[in-house]
Amino acid sequence: MSSLCVLGLGYIGLPTASIFATKGRRVLGVDVTPAVVETINSGRIHIQEPDLDVLVRAAVQSGNLKAALKPGPADTFIIAVPTPFQVRADGARVPDLSFVEAAARSIAPVVAAGNLIILESTSPVGTTEKVKAWLDDELTKLGRTVDGLLYAHCPERILPGQMLKELVSNDRICGGLTPEASARSRDLYATFCTAQIFLTDARTAELAKLTENAFRDVNIAFANELSLICDKLGINVWELIGLANRHPRVKILQPGPGVGGHCIAVDPWFIVDAAPAEARLLRTAREVNDSKPHHVVAQVRAAAGKDAAVACLGLAFKANIDDLRESPAVEIAGLLADAGLKVLAVEPHVTALPKALQGRAELVPLADALARASVVVLLVDHRAFAGLTLEQLKGKKLIDTRGVIRG
Ligand code: SAJ
């Protein structure tokens, strides 16, 4: 069985490294953060995802998964590092590929003839070619010549909250710089992927991944724009969408307080950056979704008197997870605190407030928040809030951004 070196042990790299290890591959997981390496080597995890702890423990206990700060020799290298965007002085969002570049350069001392280098990180079109160029450059600097390196982009599409299931059951795309690279990648992922694996070129694979998330962003923006129109016209957007969705070819998504997470609110910008004149709809969708938290804040401020206590139900970026990063709910709670309101945050999935809210809000149980607040804003459709009724909120002003609370 061939060996692997996985660069980046985050939400994608860690489950991927672990599943390969449990299938009998020797895996070296690399992360630049010493605490992450120590945690994983002790069989524990530093991120939250259902059942990931069990998988990582099994991988480490099998002896097949080891974490380190630096890469070592392997047959295949998988790059799974973050690809955020930067905001340029003129306001444009441009991809930040510095982590990918650092990872590509870091393997130059250890790559060997015939190795396969896979980029899994969500990336702008052309990044796989750049990985090759960065590695070539670093090899030249080291005075090394390594023949027959293969490169492919094999994007990950797993849904936070269901990652382990989707890792195995989602179809995959393997886009090589050469057909041989695509085929070698397919053989590798077939180790654990039970679904179909489609082969293409690297640039198509790169744009396919971005397209999937841009599609979802545009569709959520449609729902969010409808909610703004309905607020203006005094129509219940949830009833409206429910009725329109009775049409056999209409399937509108759900409005909310904005789009969070690390992918959908980022990836469309990579397309806009590459084709700014053409990607007009994608840019507008991003703007619509990014403006939604401000609309919610304006609604709450209009409902709340000066110094009012506001119960913010939910802080996570979506339902039934504890991930608070890039969450519109956290942004809204912060903006309400800035406006001088007393913010009582209810988030049953965490035990401490995120840094952005520390000292500016209180984390309290649901009953406590409902007893003290005069305004309730429901921000996340967690199961924990599903039973709430209008009766329980009598005498309070309610802003339900997810359409959860029933009469
Ligand atoms: N949201 C709405 N209304 C909806 C659906 C979602 O407001 O009807 C919001 C959520 O509350 C959340 C955000 O959108 O704030 C994103 O949530 P999500 O569940 O749609 O997606 P993510 O970010 O958890 O995961 C996405 C997935 N992409 C697609 O569904 C096309 C996942 O498959 C990708 O692997 C992941 O991005 C990624 O890593 O790229």
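Every number here is computed from the coordinates shown, using simple stated rules; none is lab data. On a predicted model such as this, the values are computed, not experimentally measured, just so you know. Neighbour counts run over all protein chains shown; Cβ positions are idealised from the backbone, glycine included.
Key figures
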{"read-out": "Taking all pairs of distinct alpha-carbon atoms in the range 1-120, Kirkwood radius in angstrom", "value": "14.7 Å"}
{"read-out": "3J(HN,Hα) from dihedral phi, the range 297-312, Karplus parametrisation 6.51/-1.76/1.60, rounded to Hz, x for glycine, proline", "value": "4, 5, 4, 5, 5, 5, 7, 8, x, 4, 6, 5, 8, 10, 8, 9"}
{"read-out": "Kirkwood Rh, angstrom, the range 80-204 [1 / mean 1/r, Cα pairs]", "value": "15.5 Å"}
{"read-out": "Calculated diffusion of the chain, Stokes-Einstein form, Kirkwood radius summed over Cα pairs, 37 °C and 0.692 mPa s, µm²/s", "value": "143 µm²/s"}
{"read-out": "Pairs from Lys23/Lys292; Lys70/Lys355; Lys209/Lys342; Lys141/Lys355; Lys232/Lys396 whose Cα-Cα separation, in the structure shown, is over 32 Å", "value": "Lys23/Lys292; Lys209/Lys342; Lys141/Lys355"}
{"read-out": "Nonlocal amide H pairs with Gly29, under 5 Å, H built at 1.01 Å", "value": "Val6, Lys66, Ala67, Ala68"}
{"read-out": "Positive minus negative residues near Val350 (Lys, Arg vs Asp, Glu; Cβ under 10 Å)", "value": "-3"}
{"read-out": "Calculated P(r) of the range 162-307 - Cα pairs past 17 Å, %", "value": "71 percent"}
{"read-out": "Share antiparallel - DSSP beta bridges, the chain, percent rounded to 5", "value": "10 percent"}
{"read-out": "Shape metrics for the range 240-400, restricted to C-alpha atoms - Rg then Dmax, Å", "value": "17.0, 52"}
{"read-out": "Mean-position separation - Cα centroids, the range 189-233 and the range 265-309, in angstrom", "value": "18 Å"}
